[in-house]
1. I'm trying to understand the selection: among the residues of the stretch 301-310, which are touching a helix residue (DSSP H, G or I) at 6+ places or on another chain (Cβ under 9 Å), exposed (fewer than 15 other Cβ atoms within 10 Å of the Cβ) and not in a helix (DSSP H, G or I)?
2. If you take the residues of the stretch 113-153 that are assigned to a helix (DSSP H, G or I) and under 26 Å from residue 297 (Cα atoms), which of them is farthest from the chain's Cα centre (by Cα)?
3. Looking at the stretch 1-31, which of its residues are surrounded by fewer than 24 Cβ atoms within 10 Å (Cβ to Cβ) and closer than 19 Å to residue 193 by Cα?
4. Can you name every residue in the stretch 146-157 that is closer than 14 Å to residue 102 by Cα and touching a residue at least 40 places away in the same chain (Cβ under 8 Å)?
5. So residue 254 clears everything in (1) modelled with pLDDT of 95 or more; (2) out of contact with any helix residue (DSSP H, G or I) (no Cβ under 9 Å at 6 or more places or on another chain) except one condition, right? Which one?
6. Inside the stretch 298-325, can you point out the residues that are farther than 16 Å from residue 231 by Cα and touching a residue at least 12 places away in the same chain (Cβ under 8 Å)?
7. Given the residues 315, 298, 290, 323, which is the only one that is assigned to a helix (DSSP H, G or I), within 19 Å of the chain's Cα centre (by Cα) and over 19 Å from residue 217 (Cα atoms)?
8. Give the stretch 160-186 a look and list any residue that's closer than 16 Å to residue 91 by Cβ and buried (at least 23 other Cβ atoms within 10 Å of the Cβ), or say none.
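The values are calculated or read from the model by the stated rules, or taken from the named source; none is laboratory data. Worth saying up front: this structure is predicted, and the values here are computed from it rather than measured. Methodologically, a virtual Cβ is constructed for each residue, glycine included, from the backbone with ideal geometry; neighbour enumeration extends over all protein chains shown.
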């Protein structure tokens, strides 16, 4: 199945968290399409460097605000109707879970409700960025969208897991009972340029350590697995869902599954580092396995990731090499 572009010139699109890692790449694609894009960010975790190249684009506007406090409709860019709203905002790294727990809960709950109300009022398509964390430490492998998950509701990670699960429930309620044109994408482990070096996730941590010649710190035995998706593939999948009439939830990621040990060794090899791989205590509630079942994405959207881990990691390593000097 092929999904035709639904949003382009003449369409106004709001992207929350627009200066973040994944959202900034989405903003690039939407601006390139000719959409009038408004990126909203409070810069708690987003970076102005991620969108600096867009400031001279006539169809791009940056609004600095905290969506959890409501949309500042006095701003001219937010006063007009939107055709699509993409709720991408949220701190999403393990380090954020401990330092920004309340902010994560608010952006998943209060901010989501603000945006759902606005989407209904505007008659806009609403895309909710959810996460594979909604599956918790899954007992089903790979994970299908019909799997309800295995989530610890009071663990350190729960602020993110449960915020996203609430946002999914709210989105579906507005879809069923208020006629909202909605879509939910469950994003699996994504990597690429513009990740924060201090992100706390495995790939930026391993790359930063490798480039500095430091020991690579793998949590636990290193046998836990992740399926890593290059950001270019993820953005393509999100846009396919946005352009469709599907509601989902729909998994988006890749089936390239690696153990943490394999990932660490691959990064050491690709970076030309002489770092040694070491092992440290595994974090609580760290999922044992994570891989999406992409059957639905393929059938409904024609989605097919194309970037091999070696290629994507090489690009990401070069980005980090330039950034870290």
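1. 302, 304, 306
2. Restricting to residues being assigned to a helix (DSSP H, G or I) and under 26 Å from residue 297 (Cα atoms), the top hit is 120.
3. 22, 25, 28, 29, 31
4. Here is the first cut: in the stretch 146-157, the residues closer than 14 Å to residue 102 by Cα are 154-157.
Matches in the stretch 146-157: 155, 156, 157.
5. Among (1) modelled with pLDDT of 95 or more; (2) out of contact with any helix residue (DSSP H, G or I) (no Cβ under 9 Å at 6 or more places or on another chain), the lone unmet condition for residue 254 is (2).
6. So the first thing to find is which residues in the stretch 298-325 are farther than 16 Å from residue 231 by Cα, and the list is 298-302, 321-325.
Of everything in the stretch 298-325, those that are farther than 16 Å from residue 231 by Cα and touching a residue at least 12 places away in the same chain (Cβ under 8 Å) turn out to be 299, 300, 301, 302, 321, 323, 324.
7. 315
8. 160, 161, 163, 164, 167
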